[in-house]
Amino acid sequence: MDIQAEKLKLISWITDVTDPSVIKQFIALKNNETADWWDQISGEERAEIEEGLAEADRGEVLSHEEVMSKYDKWRSK
């Protein structure tokens with residue numbers, strides 16, 4: 001697939017689109033592609049992530065083995 005040729009075909013097709021709902025869908029797609037995931041999560045989720053980072057900075061971490069041991073009862077056997 002020649003990506004440049006496909007993009008040119010899309011551009012040509014878009015210039016002929018007259019349905020506003022199609023244009024709105026393209027705008028929404030573009031906005032979703034450029035949006036930062038951080039801005040799309042809730043304040044509670046951001047606070048949880050920030051707390052986890054602060055704990056890691058303070059050295060309050062567990063090794064992989066400790067975590068796996070703690071949650072071993074939920075692992076598939």
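The Cα atoms of the range 1-58 give a gyration tensor whose axes a ≥ b ≥ c have a/c of 1.5 or more with a/b no greater than b/c, which makes the shape oblate.
Take the chain with all the other protein chains still there, run a 1.4 Å probe, and you get 93 Å² of accessible area per residue. Taking all protein chains as shown and a probe of 1.4 angstrom, ASP2 keeps an accessible surface of around 90 Å².
Given a 10 angstrom Cα cut-off, can you work out which residue in ILE11, ILE23, ILE41 is the most mobile in a GNM of the chain? Most flexible of the set in this elastic network: ILE11.
Placing unit charges on the Cβ atoms of the charged side chains and taking the dipole of the chain about its Cα centre, the candidate lying farthest along the positive direction among LEU53, ALA5, SER76 is ALA5.
To put it simply, the accessible area of the chain at a 1.4 Å probe is 56 percent carbon and sulfur. Once you sort the root eigenvalues of the Cα gyration tensor of the range 38-77 as a ≥ b ≥ c, which label holds: rounded (a/c under 1.5), prolate (a/b larger than b/c) or oblate (the other case)? Oblate, since a/c reaches 1.5 and b/c is not below a/b. Within the full protein context, the accessible area of VAL22 is estimated at about 30 Å² for a probe radius of 1.4 Å. The trypsin sites (Lys or Arg not before Pro) of the range 1-45 include none that DSSP puts in a loop with a beta carbon having at most 15 other beta carbons within 10 Å.
The values are calculated or read from the model by the stated rules, or taken from the named source; none is laboratory data. Source: prediction; values computed, not measured. Counting neighbours? That spans all protein chains shown, and the Cβs are built from the backbone with ideal geometry, glycine included. SASA here: full protein model, heavy atoms, side chains in, ligands and nucleic acids out. Shrake-Rupley method; radii C 1.70, N 1.55, O 1.52, S 1.80 Å.
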